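**Q** Have a look at this one.
Computed from the coordinates by the stated procedures, all read-outs in this text should not be read as laboratory data. Keep in mind that this is a model prediction, so the values were computed, not measured. A quick note on method: Cβ atoms are made from the backbone with ideal geometry, for glycine too, and the neighbour counts reach across all protein chains shown.
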Amino acid sequence: AGARDAMKAILDTIEKETMSGVIVTQTGCIGLCEKEPIVQVVIGEQPKVTYGKVTAEVARRIMKEHVGGGKILDSNKINL
């Protein structure tokens, strides 16, 4: 569903932006197949944020704007 491209973009961004303290894990289906690929972001004690239909470009934005800058993207956010 495009998850490999999203994962590669996430890992590339971590490397290029020299981000530290970031843990990336890959999981199986969470029951939202129509929203795949899905990326979940958990920062400290903040509520988990889930993004759906994540392309490589959206993955880069998530890493730079949300993980790196603390700004949640609204356009791909899934409200669970």
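**Q** Pairs of Cα atoms under 8 Å, at least six residues apart: use those to get the relative contact order of the range 36-80, whole percent.
**A** On the way: 50 pairs, mean separation 16.6, N = 45.
With pairs under 8 Å counted, the relative contact order is 37 percent.
**Q** Next question, about the same structure. Counting other Cβ atoms within 10 Å of each Cβ, which GluC sites (Glu not before Pro) in the range 22-80 have at most 15 and sit in a DSSP loop?
**A** Values: sites: Glu34, Glu45, Glu57, Glu65; in loops: Glu45.
Sparse-neighbourhood loop GluC sites (Glu not before Pro): Glu45.
**Q** Whats the longest run of the chain with zero trypsin sites (Lys or Arg not before Pro) that are DSSP loop and have at most 15 other Cβ atoms within 10 Å?
**A** Numbers: sites that count: Lys48, Lys71.
That gives 1-47 as the longest site-free run.
**Q** What do the square roots of 5 times the Cα gyration tensor eigenvalues come to for the chain, in whole Å, largest first, as semi-axes of the equivalent ellipsoid? Don't jump to the answer; show the numbers that get you there.
**A** Details: eigenvalues 66, 44, 27 Å².
Values for the chain, descending: 18, 15, 12 Å.
**Q** Tell me, what is the percent relative contact order of the chain, built from C-alpha pairs under 8 Å that lie six or more residues apart?
**A** Working: 90 pairs, mean separation 28.4, N = 80.
For the chain, the relative contact order is 35 percent.
**Q** Put +1 on the Cβ of every Lys and Arg and -1 on every Asp and Glu Cβ in the range 1-54; which of Leu11, Gly31, Val42 then has its Cα farthest towards the positive end of the dipole?
**A** Working it through, the farthest residue towards the positive pole turns out to be Gly31.
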